[in-house]
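Peer 1: Starting off with a structure, shown below.
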Amino acid sequence: MSRWTGVTGLAAAVAVMSLGCAQGPSAPTATIEDKTYAVTPASVTVTAGILTGEVTEMKVTERVEAGSDRIVTPAKLSGMLRLKNTSANQTVRLVAGRILYIDARGRPIKLEESRTEPIVKFSTYNNERLDPGQDTKQSVDLDFPAEALKATKLKEIRLELAYIPSPYQEQTVNFIVSIGEGQ
C-alpha cells in the first residue's frame with residue numbers, strides 16, 4: 001500500500017510541476033531598430049605628413065527600441081579609413097589614431113563616462129607598417145557622443161595619427177669570390 005501511495009504522490013508532484021511551469025501568453029518583445037544619422041560629407045580626404053588617404057562611408061548609428069525610442073546601444077561612428085605612404089624613402093609604422101569630436105566653439109565634445117575613448121588601433125598583421133607607396137585600409141567603429149547628435153552641435157571630426165617614420169634604404173653589396181677545384 002505504501003508503494004502505491006509513493007507512486008501516486010510522485011504522479012501528483014509531476015502534474016503540479018507541469019501545470020505550474022506552463023507558459024502563459026508571452027509579453028510582446030520590443031522591436032529593436034537601427035537609427036542612422038548621415039555624416040556630411042560622407043567621405044573626406046586626409047593628409048598627415050607623409051600619409052595621405054581618405055575616410056569614407058561615414059555614418060553614425062544607434063540602436064533604439066521602436067515606439068519608446070529608448071536607446072539600446074549608444075551611438076557609434078563607423079566608416080573606412082584608407083592611408084597611403086607617399087614618401088619615396090621612409091617606411092611608416094602606424095601606432096594609433098585618435099578621434100576628437102569638435103563643437104562649434106572649437107572645443108572637444110566629451111563622451112559619456114561609461115564610453116570608450118575613440119582610438120583607431122593599427123595592430124593587425126601587415127596593417128601597421130607601410131613602405132613607400134604602400135597603402136592600407138582599416139574599418140572604423142568608434143563610440144560617438146550623444147551630445148554631438150544634437151543639431152548644430154558637431155562642427156568637425158579631428159583625426160590625430162601617431163606614426164613612426166624610419167629611413168627606407170636599398171643598398172647593393174658586392175663581394176669578390178672565385179671558384180676553384182676542391183682542395
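Peer 1: Could you run through the stretch 83-101 and say how many residues are surrounded by 16 or more Cβ atoms within 10 Å (Cβ to Cβ) and closer than 30 Å to K155 by Cα?
Peer 2: So the answer is 8.
Peer 1: Moving on. Need pairs with beta-carbon distance below 7 Å; first residue farther than 17 Å from V140 by Cα and within the stretch 29-58, second aromatic (F, W, Y) and surrounded by 12 or more Cβ atoms within 10 Å (Cβ to Cβ); sequence gap 6+ or separate chains.
Peer 2: As it stands, the answer is L51/Y163, since those pairs meet every condition given.
Peer 1: Hey, which of the strands (runs of 3 or more DSSP E) in the stretch 104-183, taking only ones fully inside, have at least 1 residues that are surrounded by 10 or more Cβ atoms within 10 Å (Cβ to Cβ) and of a type in the set (D, E)?
Peer 2: Where strands (runs of 3 or more DSSP E) fall fully within the stretch 104-183 and carry at least 1 residues being surrounded by 10 or more Cβ atoms within 10 Å (Cβ to Cβ) and of a type in the set (D, E), they are 135-143, 154-167.
Peer 1: Residues of the stretch 154-172 being at pLDDT below 90 and not hydroxyl-bearing (S, T, Y), which ones?
Peer 2: P167, Q169, E170, Q171 - these are the residues of the stretch 154-172 that are at pLDDT below 90 and not hydroxyl-bearing (S, T, Y).
The values are calculated or read from the model by the stated rules, or taken from the named source; none is laboratory data. This is a predicted model, so every value here is computed, not measured. Cβ atoms come from the backbone with ideal geometry, glycine included; neighbour counts cover every protein chain shown.
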